[in-house]
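Just so it is clear, none of the values below were taken in a lab; they were calculated from the coordinates. This is a predicted model, so every value here is computed, not measured. No Cβ is skipped: glycine too gets one built from the backbone with ideal geometry, and neighbour counts run over all protein chains shown.
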Amino acid sequence: VRADGNDSSPMCGNELLCMADLYCEKILQVDDRGGDGGGAKITDRQHPSISPMYANLCNLPPALISVGTADPLLDDSLFLASRYSLCGNDVETVLYEGGEHGIGHFGLQEDDEMGRRAREHTLQFMKRYI
């Protein structure tokens with residue numbers, strides 16, 4: 001997640017990090033590097049059940065990764081697409097210039113031309129594999 005402050009729409013990187021921490025509350029580990037036995041609980045953001053970038057991605061079905069260039073998760077999405085492909089899976093990555101998080105599914109761009117194109121592309125992808 002890019003630390004883009006609070007400027008993106010509909011969600012900025014800071015909001016996504018906050019949501020990830022809320023989601024991750026149940027997966028904690030104790031940080032006892034101080035050796036005093038009273039370590040603080042910290043979230044393991046690299047746990048495979050939290051981030052697919054650290055999971056075994058072998059033998060998975062085809063995937064469509066749609067991401068906008070203004071999405072705080074752009075880098076993560078491109079990295080995931082690369083890992084997915086390197087594991088021998090079929091992946092189609094579609095970039096939407098200026099697209100924000102959730103392009104075509106929610107937010108300010110849901111019903112503009114780009115959003116409609118993103119939804120149509122998603123439907124066509126699903127029809128190829130269902």
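Note that the range 49-57 has calculated 3J(HN,Hα) couplings of 6, 9, 10, x, 5, 10, 8, 6, 9 Hz, one per residue in order, obtained from phi through the Karplus relation 6.51 cos²θ - 1.76 cosθ + 1.60 (θ = phi - 60°); glycine and proline are x. The equivalent ellipsoid of the range 68-126 has semi-axes of 22, 14, 7 Å, largest first, where each one is the square root of 5 times an eigenvalue of the Cα gyration tensor. Label separation (Asp75 vs Glu97): 2.3 nm, computed from points 7 Å beyond Cα along the C-beta direction. For Val91, the residues 5 or more places off, or on other chains, whose built amide H falls under 5 Å of its own are Ala63.
FRET efficiency for the Leu60 to Arg116 pair, using the beta carbon distance and R₀ = 30 Å, is estimated at 0.60.
How would you rank 65-75, 47-57, 92-102, highest first, on the average number of other Cβ atoms within 10 Å across their residues?
Per-residue mean Cβ counts within 10 Å order the peptides as 65-75, 92-102, 47-57.
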